[in-house]
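The values are calculated or read from the model by the stated rules, or taken from the named source; none is laboratory data. If you're wondering where the values come from, they're calculated on a predicted model, not measured in any experiment. Note: ideal-geometry Cβ built from the backbone for every residue, glycine included; neighbour counts use all protein chains shown. With ligands, DNA and RNA removed, areas are computed over all heavy atoms of the protein, side chains included. Shrake-Rupley method; radii C 1.70, N 1.55, O 1.52, S 1.80 Å.
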Amino acid sequence: MRTVDVMIPVYKPGQQLGELLTRLEKQTLRPENIFIVNTEEQYWDKALEKKHPLLQVTHISKSEFDHGGTRKQMALQSKADVMVFMTQDAVPKNMYLLERLVRPLEEKQVGASYARQLPAKGCRPAEAFARKFNYPLQSMRKSKEDIRRLGIKACFCSNVCAAYDRDIYEQLGGFVSSTIFNEDMIFARKLIEEGYQIAYEADACVIHSHNYTCMQQLRRNFDLGVSQAQYPESFAGLSSEGEGIRMVKKTILFLLKSKRPWQIPGTVLQSGFKYVGYLLGKHYKSLPFGLIKLFSMNKNYWREK
């Protein structure tokens, strides 16, 4: 069995992080190390290091954090065969997460593998359906040949919970050093362009979902649009608008079939905020700096822009 390190960027960790660490330590494929980069030391609970001996913690300031650069620095710490990147709010469903997530990487042509995301307790029905839409029951392998059929989903990979073959990762130069968002998909496009495959492993499951407000959706999608504008070569020929429209239609149909028609207006409104945020992000260079910071979820990214 290949060795595994887990990497988790952290900001203002709560009780959920402790549950994540406990479940990681109980995995059938136990990680060698759990690397954490914590943004802002004053929010860190030092008791976690005593309770979880696999932890290796580094503290940085909020101004030093970058979605791509921070993860790129974390990867330099690992000597394991496989690096698993997670977020602090993703919790393994069971003890088989790492074993099943790493399994596709035994195939030489697979460079990355990402997990299925399940809705958390209290997740809104429309958001729960979005999880099923984006993370179906069937596992799959995606390659360059699938771009015409799958569009942007051919390059979809989520660092909420994703595993990378370290040799392939290093061979291709790893994550970009600076990006506001989408470091996972930027690297995924590089993977498939170089002839490797991305695996979606439906048997590897984490519990992860959000009940975002309309403005949170706008800000998240603004950053998504910015990342696409800044790395056009990574998203060339990968239109995301059609996939978004398809999801809205499917969600409305789901709400009708599940007898929740009163939730449709809110879903349509949220979808509108998402689209507006995305368009604004794609054209951020035309906006005043004050509006850019207002619309962005990752405001600190713009400190020197």
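Can you tell me which aspartates and glutamates have their Cα less than 16 Å from the Cα of K274? Leave out same-chain residues fewer than eight positions away.
E127, D223, E241, E243
Before anything else, pin down the relative contact order of region 191-305: Cα pairs under 8 Å, at least 6 apart, normalised by residue count, whole percent. The partial results should precede the final answer.
Values: 84 pairs, mean separation 50.0, N = 115.
Relative CO of region 191-305 lands at 43 percent.
Scale the Cα Rg of region 6-83 by the rule-of-thumb value 2.2 N^0.38 Å and send over the ratio, two decimals. Could the numbers behind the result be given before it?
On the way: Rg = 12.3 Å, N = 78, 2.2 N^0.38 = 11.5 Å.
My calculation over the Cα atoms of region 6-83 gives 1.07.
Ordering D81, D223, D89 from largest to smallest accessible area (1.4 angstrom probe), what's the sequence? Please report the intermediate quantities before stating the final value.
Working: D81 65, D223 0, D89 40 Å².
Most to least solvent-accessible, the answer reads D81, D89, D223.
Over all directions, how big on average is the projection of the convex hull of the alpha-carbon atoms in region 106-223, in square nanometres?
On the way: hull surface 31.9 nm².
Hull-based average projected area comes out at 8.0 nm².
In the chain, with Lys and Arg counted as +1 and Asp and Glu as -1 at Cβ, which of these residues, N134, Y301, L101, has the Cα nearest the positive end of the dipole, that is, farthest along it?
Of N134, Y301, L101, it is N134.
If you roll a 1.4 Å probe over region 64-135 with all protein chains in place, what percent of the accessible area is carbon or sulfur? Kindly include the intermediate steps, with their values, before the conclusion.
Numbers: 1530 of 2990 Å².
After summing per-atom areas, the C and S share lands at 51 percent.
Once ligands and nucleic acids are excluded and a 1.4 Å probe is used, how much of V276 is accessible, expressed in Å² to the nearest 10?
70 Å²
Going through region 93-130, which GluC sites (Glu not before Pro) have at most 16 other Cβ atoms within 10 Å and a DSSP loop state?
E107
Just to confirm the filter: which GluC sites (Glu not before Pro) across region 234-305 are DSSP coil and have at most 14 other Cβ within 10 angstrom of their Cβ?
Details: sites: E241, E243, E304; in loops: E304.
Counting only loop positions with at most 14 other Cβ atoms within 10 Å, the GluC sites (Glu not before Pro) in region 234-305 are E304.
Mind jotting down a quarter of the surface of the convex hull over the alpha carbons of region 46-171, in square nanometres, one decimal?
Details: hull surface 41.6 nm².
If I average the Cα hull's projected area over directions, I get 10.4 nm².
Suppose accessible area is computed on protein heavy atoms with a 1.4 Å probe; arrange M140, M7 from highest to lowest.
Values: M140 65, M7 0 Å².
Solvent-accessible surface, decreasing: M140, M7.
Taking the Cα atoms of region 197-256, what is the range of coordinates along each of the three principal axes, in descending order and whole Å?
Each principal axis gives a Cα extent; for region 197-256 these are 37, 32, 21 Å.
On the Cα set of region 170-270, report Rg and Dmax in Å, please.
Rg, Dmax (Cα atoms, Å): 16.9, 51.
Please work out how much length the chain gains when fully extended from L279 to R141, using 0.36 nm per residue of separation minus the C-alpha to C-alpha distance, in nm with one decimal. Mind showing how you got there, number by number?
Details: separation 138, 0.36 × 138 = 49.68 nm, distance 3.01 nm.
The L279-R141 span can extend by a further 46.7 nm.
What per residue convex hull volume, in Å³, comes out for region 117-156 when only alpha-carbon positions are used? The partial results should precede the final answer.
Numbers: hull volume 2.9 nm³, N = 40.
Hull volume over Cα atoms, normalised by residue count, gives 73 Å³.
Roughly how far apart, in whole Å, are the Cα centres of region 273-305 and region 199-220?
Result: 21 Å between the Cα centres.
Give me a comma-separated list of calculated 3J(HN,Hα) values for region 3-13, in order, Karplus coefficients 6.51, -1.76, 1.60 applied at θ = phi - 60°, integers in Hz, x for any Gly or Pro.
In residue order, the calculated couplings are 7, 9, 10, 10, 10, 9, x, 9, 9, 6, x Hz.
With a 1.4 Å probe and all protein chains left in place, how much accessible area per residue does the chain have, in Å²? Display every interim value, and only then the final one.
On the way: 14510 Å² over 305 residues.
Averaged over the residues of the chain, the accessible area is 48 Å².
At a probe size of 1.4 Å, how large is the accessible area of K62, to the nearest 10 Å²?
90 Å²
Quick one: grab the alpha carbon gyration tensor of the chain, order the square roots of its eigenvalues as a ≥ b ≥ c, and give me rounded if a/c is under 1.5, else prolate or oblate depending on whether a/b is larger than b/c.
Working: a/c = 1.31, a/b = 1.24, b/c = 1.06.
Rounded.
By accessible area of protein heavy atoms, probe 1.4 Å, what ranking do L24, L256 get, highest first?
Working: L24 0, L256 95 Å².
Highest to lowest solvent-accessible surface, that is L256, L24.
Compute the Cα gyration tensor for region 88-147, then decide on rounded, prolate or oblate, letting a ≥ b ≥ c be the square roots of its eigenvalues: rounded whenever a/c is under 1.5, prolate when a/b is larger than b/c in the other cases, and oblate in all that remain.
Working: a/c = 3.04, a/b = 1.46, b/c = 2.07.
Since a/c reaches 1.5 but b/c is at least a/b, the shape of region 88-147 is classed as oblate.
For region 274-305, list residues with backbone N below 14 Å from a point placed 7 Å from the Cα of T213 toward its Cβ?
Within reach of a label on T213: 295, 297.
Would you mind calculating the relative contact order of the chain from Cα pairs under 8 angstrom and at least 6 residues apart, reporting the percent as a whole number? Walk me through the intermediate numbers first.
Working: 552 pairs, mean separation 61.5, N = 305.
This gives 20 percent for the chain.
Straight-line reach only, C-alpha to C-alpha below 22 angstrom: list the lysines that K62 could link to, leaving out same-chain residues fewer than 8 apart.
Qualifying lysines at Cα under 22 Å: K12, K46, K72, K293, K299, K305.
How many nm separate the modelled label positions at E193 and K293, each set 7 Å beyond the Cα in the direction of the Cβ?
3.3 nm
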